[in-house]
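Chemist: I have a structure here, written as structure tokens, and I will follow up with some questions on it.
The values are calculated or read from the model by the stated rules, or taken from the named source; none is laboratory data. A quick note: this is a predicted structure, and the numbers were derived from the prediction, not measured. Glycine gets a Cβ as well: all are built from the backbone with ideal geometry, and neighbour counts include every protein chain shown. Please note that ligands, DNA and RNA were not included when accessible areas were found on the heavy atoms of the full protein model with its side chains. Shrake-Rupley method; radii C 1.70, N 1.55, O 1.52, S 1.80 Å.
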Amino acid sequence: MRQAGPEFDRSRPLEEQSQWEEHARFMEALVDDGFIQLGGPLGDGRVVHVVQAGSEDEVRERLAADPWSGSHLLLEAVEPWEIRLDARRAG
């Protein structure tokens, strides 16, 4: 779970935030390599990322390299999630 940081301007859409292109490229690379499985904003300044990682330290380390880390997004919490229902596995 991440939340809006001090440089995130809530009056502007994501695509108009400073360093948007760098952040978007970084996040797409995390998707491409399988680290981020799902992600997106909740609408209240928080963002959820479902990741495949071996440890909380790995999550923190990978997200710390984001150009928005500490400025536009702050890491709020890293929690394990046991998925018991998954329609992608059906059939």
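Chemist: Could you calculate the contour length gain from Asp9 to Leu42, that is, 0.36 nm times the residue separation minus the distance between their Cα atoms, to one decimal place in nm?
Modeler: Between Asp9 and Leu42, full extension yields 10.3 nm more.
Chemist: Over region 1-60, with every protein chain in place, what whole percent of the accessible area is carbon and sulfur at 1.4 Å, could you tell me?
Modeler: Answer for region 1-60 is 46 percent, counting heavy atoms of protein chains only.
Chemist: Which of the trypsin sites (Lys or Arg not before Pro) found in region 36-91 are in a DSSP loop and have at most 11 neighbouring Cβ atoms, other than their own, within 10 Å?
Modeler: Here the sparse-neighbourhood loop sites are Arg84.
Chemist: Compute the length gained on full extension between Ala64 and Glu76: take 0.36 nm times their separation in residues and subtract their Cα-Cα distance, giving the result in nm to one decimal.
Modeler: The span from Ala64 to Glu76 would gain 3.1 nm if fully extended.
Chemist: Relative contact order for the chain: what percent, with Cα pairs under 8 Å and sequence separation of 6 or more?
Modeler: Dividing the mean separation by the residue count of the chain yields 41 percent.
Chemist: Choose one answer from Ser11, Ser71, Ser55: the residue with the largest mean-square fluctuation in a GNM of the chain with alpha-carbon springs under 10 Å.
Modeler: Checking each option, the largest mean-square fluctuation is seen for Ser11.
Chemist: While we're on this one: Taking one equal scatterer on every alpha-carbon of the chain, how large is log10 of I(q)/I(0) by Debye at q = 0.24 1/Å?
Modeler: Here the Debye-derived log intensity ratios amount to -1.38.
Chemist: While we're here: Excluding ligands, DNA and RNA, what is the solvent-accessible area per residue of the chain at a probe of 1.4 Å, expressed in Å²?
Modeler: 70
Chemist: Short version: ³J(HN,Hα) in whole Hz for each residue of region 43-53, in order, from phi by Karplus 6.51 cos²θ - 1.76 cosθ + 1.60 (θ = phi - 60°), x for Gly and Pro, what are they?
Modeler: Karplus values, whole Hz, x for Gly and Pro: x, 10, x, 9, 10, 10, 10, 9, 10, 9, 9.
Chemist: Now a separate question. Loop only by DSSP, 10 or fewer other Cβ within 10 Å of the Cβ. Give me the chymotrypsin sites (Phe, Trp or Tyr not before Pro) in region 11-91 that pass, ordered by residue number.
Modeler: Trp81
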